[in-house]
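Have a look at the structure below, then the notes.
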Amino acid sequence: MKKYELNSLNKIELQEYLENLGEKKFRAYQLFEHIHKHKVESLDDITVFSKQLREKIKENGFLNQIKLVDTFKSQIDETQKFLFELHDGQIIETVFMSYDNRNTICVSCQVGCKMGCSFCASTKAWFKRDLTVSEITSQVYMVEKILDQNINNIVFMGIGEPLDNYDNMVKTILILNDPSGKNLSQRSMTLSTSGLADRIIDLADLNLSINLAVSFHYPFDKQRSEFMPVNKRYDIKTLLKACDYYFEKTGRRVSFEYVLVDGLNDTDAHVDKLVELFRGKNIHINLIPLNEISEFKYSASKKSNIKAFQDRLNKRGINTTLRNKKGADIEGACGQLRVNYIGEK
Ligand code: SAH
């Protein structure tokens, strides 16, 4: 019989699990608290339970653990990258960044990615499987324990497409938000998607208050489809309609990520098109210089061009910020994460 992954269950599911064992409801709350607040790694560490109860719980259930296998520390900033091994030997990457009194963690949600964006190192070829809920939440708990720090900002921007692992992502967000667990506000979580419009609508209907970031990068359909195959499924019009809906339903301003590539998407025509698409909308564009990777034969926009691009957008009423590069020397920056540890180099 398949055993239950107890650290992937929400409170109601834990309650059912314990009730089936003939235990009271409050035991489920204790179990949830030990997993998500006290971050126990073994059921044996739950000493408020008798040994007998622990053994009973273990008969059909277990705690799925991830194992730290390597750490990389940036020499240029506070960024650290962690490699974790999953129970089946797969490897995932998690990045910790600290700035502006904020400890941010960038977590992965899949082993590899199916989206196939040509500028991103976590490409198609590496897709192996979705992460379970506990494999996502454990990245947060493990980094907190390793660094002895509290993480107060989570970005779902590591390896994978969060909306392609939709059910587990939603469950993860609710568990991390739970007051008897990590108790992180939804406003301190940001989910980044390459643009699965249908799922954006589903997410909007849940009325959560997480931040939505959309990897936009190319304002022309033809070019976006060339570099981001997802655009063939959901074109720009469909995507932006879904984003408008997200804003209407949640009141959360959507941000659009825009990776600047020299000569490719940093021209005047691109500024004009962005203004046409976004003028008058309560949105925000996050400009990111391309992190160059060997698989993508283009260069980052020149610094002066990035500044000019930003100025032109700002002058025409579009809110922008320029994201600092973090952890580029340890391949910890956006789009640099790759699953290439064991035998996959
Ligand atoms: N699949 C999700 C989340 C992972 S990617 C998404 O597409 O949003 C996280 C961010 O890094 C995305 O905005 C992605 O477009 C960006 N990114 C990918 N490759 C990059 C690169 N080489 N340089 C800079 N940013 C990159």
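Things to note:
- Yes/no for E161 being crowded, with 20+ Cβ neighbours inside 10 Å, of a type in the set (D, E, K, R) and under 21 Å from N183 (Cβ atoms): no
- Test: residue in the stretch 193-209 that is closer than 28 Å to V40 by Cβ, modelled with pLDDT of 95 or more and under 14 Å from the mean Cα position of the chain (by Cα): no
- Residue check, G89 within 11 Å of the ligand (Cβ to nearest atom), over 15 Å from the mean Cα position of the chain (by Cα) and either of a type in the set (K, R) or on the phi > 0 side of the Ramachandran plot (or both): no
- The combined condition, being polar (S, T, N, Q), surrounded by fewer than 20 Cβ atoms within 10 Å (Cβ to Cβ) and within 16 Å of the ligand (Cβ to nearest atom), is fulfilled by S299.
- Among the candidates L313, L274, L337, the residue that is touching a residue at least 40 places away in the same chain (Cβ under 8 Å) and within 11 Å of the ligand (Cβ to nearest atom) is uniquely L337.
- The listed residues are I283, I330, and the only one of them that is free of Cβ contacts under 8 Å to residues at least 60 places away in the same chain, surrounded by 15 or more Cβ atoms within 10 Å (Cβ to Cβ), in contact with a Phe, Trp or Tyr (Cβ under 7 Å, 6 or more places away or on another chain) and under 26 Å from I159 (Cα atoms) turns out to be I283.
- On inspection, T137 qualifies as away from the ligand (no atom under 16 Å from the Cβ), within 23 Å of N10 (Cβ to Cβ), under 13 Å from the mean Cα position of the chain (by Cα) and at pLDDT 95 or above.
- Listing of strands (runs of 3 or more DSSP E) fully contained in the stretch 243-345 that carry 3 or more residues being of a type in the set (A, V, I, L, M, F, W, C): 255-260, 284-289
- Some residue of the stretch 99-109 being among the basic types (K, R) and at pLDDT 95 or above: no
- Checking the stated criteria, L212 turns out not to satisfy the condition of being part of a helix (DSSP H, G or I) and within 14 Å of the ligand (Cβ to nearest atom).
The values are calculated or read from the model by the stated rules, or taken from the named source; none is laboratory data. Keep in mind that what you see is a predicted model, and the values were worked out from it rather than measured. Ideal geometry is used to build each Cβ from the backbone, glycine not excepted, and the neighbour counts take in all protein chains shown.
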